[in-house]
Structures are given as C-alpha cells and as structure tokens.
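For reference, the structure discussed in these notes is given below.
Readers should treat all values here as calculations from the given coordinates under stated rules, not as data from a laboratory. Computed from a predicted model, the values in this text were never measured in an experiment.
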Amino acid sequence: MACHFDPIHINSRNPQRSAKWWANIFGAVILPEVEAGGMLFAPVSLDDVKITFSGPRPSVTGALGEPAPIPHYGLEHLGVTVDDLEASLAVFRAQDLEIYERKQSPAYKIAFVAAPDGVCLELMEPLG
C-alpha cells in the first residue's frame with residue numbers, strides 16, 4: 001500500500017499565527033489558506049510533509065480540552081532533526097517556551113520542548 005502523510009492536522013487558537021511560527025522557526029513554506037465548512041485552514045509544508053492548522057469545527061461547542069502532559073499514550077511528539085541543539089533551544093527560551101527534558105542517546109543530543117498549540121517537539125542533533 002503506497003501512502004504519505006497529508007496532512008498532520010493541529011487544532012489551533014490562531015491558525016495563521018501558528019503557520020507563521022513554523023515558517024519562522026523551521027523554515028516551513030506557508031501554503032495557500034483554505035476556508036471550508038466554516039473553518040480556516042492554514043497549511044505549511046516542511047520537508048514535503050503538510051501540516052495544517054485550523055480552529056475547532058463549528059459543530060464543537062465549548063472550549064477544547066488542554067493537551068495532556070507528557071508522557072502520555074497516543075501521539076506524544078513530533079521529531080525534528082536540527083543541526084545545533086543549543087542554538088535551537090535558545091530560540092525556544094527566547095519565546096518563553098518550556099523545555100521539558102534533555103537527554104542524550106548514542107546517536108543524538110535530544111530535547112523535548114513545547115511548541116504553540118500544545119504540540120510537543122523532540123529536537124534531535126546528530127552526534128559526530
């Protein structure tokens with residue numbers, strides 16, 4: 001079965017701001033916005049993977065629940081390889097985003113960090 005990710009969908013309080021954040025931080029390409037079913041979809045492309053940000057469906061009444069703390073079952077984080085973990089963490093610190101955990105594996109320096117919209121990212125710098 002041939003397949004590819006299209007899209008990773010993230011609920012956001014401000015889809016346009018979220019798309020711009022991913023473009024500014026990771027160099028994602030902002031794609032054309034789409035309105036459908038009373039919702040604004042603000043997609044970006046990062047390494048040929050589409051990430052779409054939208055608000056909740058109009059049929060959702062009340063506030064959406066807050067994201068679960070990590071670790072938890074289900075989709076826990078998105079992994080992003082970076083060339084300089086310390087420089088990447090400085091960007092997150094400058095935005096007052098939480099750094100949950102730092103560790104090292106035999107192949108990577110790793111940090112789990114908060115991104116907007118309750119997304120957890122695993123930033124990984126290859127060793128050697």
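Size of the chain: Rg and Dmax of its alpha carbons, in Å, are 15.6, 50. The sum of -39500 (n - 2.57) across all DSSP H runs of n ≥ 4, divided by the residue count of the chain, sets its helix-only mean residue ellipticity at 222 nm to -5000 deg cm²/dmol. Subtracting the Cα-Cα distance of TYR100 and VAL29 from 0.36 nm times their residue separation leaves 22.8 nm of extension gain.
What angle, in degrees between 0 and 90 and rounded to the nearest 10, separates the Cα long axis of helix 85-94 from the longest principal axis of the Cα atoms of the chain? The angle comes out at about 50 degrees.
Beta bridges assigned by DSSP with both partners in the chain are antiparallel in approximately 75 percent of cases.
Normalise the Debye intensity by I(0) for segment 78-126, one equal point scatterer per Cα, no solvent, then take log10 at q = 0.32 Å⁻¹ and round to two decimals. For the requested q values the scattering log ratios are -1.35. Counting only aspartates and glutamates at least 8 places from LYS20 when in the same chain, those with an alpha carbon closer than 18 Å to its own are GLU33, GLU35, ASP47, ASP48, ASP96, ASP117.
Subtracting the Cα-Cα distance of MET1 and ALA63 from 0.36 nm times their residue separation leaves 18.5 nm of extension gain. How far, in degrees from 0 to 90, does helix 15-26 lean away from the longest principal axis of the Cα atoms of the chain, to the nearest 10? On a 0 to 90 degree scale, this one is about 20.
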